[in-house]
Amino acid sequence: MTQKKNQFLTEVELEFMSRLWDLGEATVRDVLDALSASRKLAYTSAATILRILEQKNFVVSTRQGKTFVYRATLSKDAYQSRSLRNLSEKLFDNAPATLVARLVDDNHLSQEALDEIRALIDKRLGNDNS
C-alpha cells in the first residue's frame, strides 16, 4: 500500500512539484520564492517537503557547496497521465469515456473548449481536416 501511496502527490507536494516543473531545477529558496505570496512557509518546512519528494523519488538533489539543488525525476505530463489513469480506474470503473463525459457534462465548457476537445479527438483518430 505504501508503494501505491508514494506514486501520488499530496496537495502541498503538487504545489512544490509545479514550481520545480516550471523552474527546471531549484534550491529550497528558489521554490519558496516561486510559491504564491500568500503561502507562508518556513525555510525548514520547505526543505522537509523537498526531502519527502526525494524519498518518494519525485526529485533528485545534487549538492552545490552548502546548498542542495533539486530537479524533478518525473515530467509533468507523465504525472498527469499517471493521475488520470488512477482516477479513471478508481472513480470511473476504468472507463475513460465516462470520465470524459463527466468532464464535458459538468463543467459548463465554452463552445471554444468543446471545439478544442473535438479537434484533439479528430487528430487522435486521424480525421484532422485542418
Original post:
Among D93, D30, D22, which is the only one that is out of contact with any Cys (no Cβ under 8 Å at 6 or more places or on another chain) and surrounded by 14 or more Cβ atoms within 10 Å (Cβ to Cβ)?
Top reply: D30
**OP:** Could you check, for region 38-45, whether at least one of its residues is part of a loop (DSSP other than H, G, I, E, B) and farther than 25 Å from V12 by Cβ?
**Re:** no
Subject >> Members of region 57-73 that are assigned to a loop (DSSP other than H, G, I, E, B), surrounded by 12 or more Cβ atoms within 10 Å (Cβ to Cβ) and not hydroxyl-bearing (S, T, Y) >> reply: F58
Original post:
Among A113, A119, A95, which is modelled with pLDDT of 90 or more and not assigned by TED's automatic domain parsing to the domain that holds R29?
Top reply: A119
Original post:
Residues in region 69-92 that are among the basic types (K, R) and either over 25 Å from A47 (Cα atoms) or in contact with a Ser or Thr (Cβ under 6 Å, 6 or more places away or on another chain) (or both): how many?
Top reply: 3
Original post:
Going by the conditions given, is D122 out of contact with any helix residue (DSSP H, G or I) (no Cβ under 7 Å at 6 or more places or on another chain) and open to solvent by less than 60 Å² (accessible area, probe 1.4 Å)?
Top reply: yes
**OP:** Write out, first by first residue and then by second, each pair whose Cβ atoms fall under 9 Å of each other, whose residues are 6+ apart or on separate chains, and whose first residue, in region 10-21, is within 13 Å of K76 (Cβ to Cβ) while the second is in a helix (DSSP H, G or I) and hydroxyl-bearing (S, T, Y).
**Re:** L14/Y79; M17/Y79; W21/Y79
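The values are calculated or read from the model by the stated rules, or taken from the named source; none is laboratory data. Note that the coordinates shown come from a computational prediction; the quantities given were computed from them, not determined experimentally. For neighbour counting, all protein chains shown are included, and Cβ atoms are generated from backbone atoms with ideal geometry for every residue, glycine included. SASA here: full protein model, heavy atoms, side chains in, ligands and nucleic acids out. Shrake-Rupley method; radii C 1.70, N 1.55, O 1.52, S 1.80 Å.
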